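To keep things clear, I will list the structure first and then write my remarks on it.
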Amino acid sequence: MNAKTKKQQINWLQYVLFAALILVLFFTDLGTSVRGGIQQLLLKTGLKDAPTAGEPALASQQMALSAYPYQLTLTTLDGKSVQLSDLKGKVVFLNQWATWCSPCRAEMPAIEKLYQSVDKNKIAFVMLSLDEDPQKVRQVVNQKKFTFPVYVPGGQMPEAFYSSAIPTTLILDSNGQIAQRIEGMANYDTDEFRQYLTSLYKPTR
């Protein structure tokens, strides 16, 4: 084998290995984990901290309503049905995510820390998976030891919740009105964001 042929074989092998690496990074769970790890490092820089102010609600939306504005059936991972309206009176952190979405998985450790640090009597969490296979969701949640409540949609989503991007996080105030919409990943484990959530809580009379 001459030197030219040997060099061609080495180049061909490099191309094959590079292609295999690309396939692993983009089409496997390992790739999702690797991308998620890189994105978690980005979140730790503070460049993607969650905002603590959104567009002000319309005056008509700021009024306390007798009926919850959004109806959505939620199904727990063990098959129980609950209503989003059951959370009336609490601020709701509603995060739309999927197991195959690496930015979603990148922000979840910070969401877990946020969940562990807030008053559950005032703030409720709805981690809403858009996966078609609940078993896949269970595997990820158990593997990562997440303790926040995880659901899948049990019915049609309200039109106001639709987004062209995931993750998308909606913050609902005590009356169920959307106080803020955050599209894309963010770091929610900040004192400023915790204070923001608490500021939205208005005890019912």
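A few remarks follow.
- Of all DSSP bridge pairs formed entirely within the stretch 62-192, close to 65 percent run antiparallel.
- Under the simplified labelling scheme, the Thr204-Arg181 pair shows an inter-label distance of 2.6 nm, with each label point 7 Å from Cα along Cα→Cβ.
- Ordered by the count of other Cβ atoms within 10 Å of each Cβ, fewest first, Lys136, Lys145, Lys120, Lys88 give Lys145, Lys120, Lys136, Lys88.
- Kirkwood hydrodynamic radius of the stretch 133-205, from the reciprocal of the average inverse Cα-Cα distance over all distinct pairs: 14.8 Å.
Each value in this text was obtained by applying a stated rule to the coordinates, not by laboratory testing. Since the model is a prediction, treat every value here as computed from it, not as a measurement. Note that each Cβ is placed from the backbone with ideal geometry, even for glycine, and that neighbours are counted across all protein chains shown.
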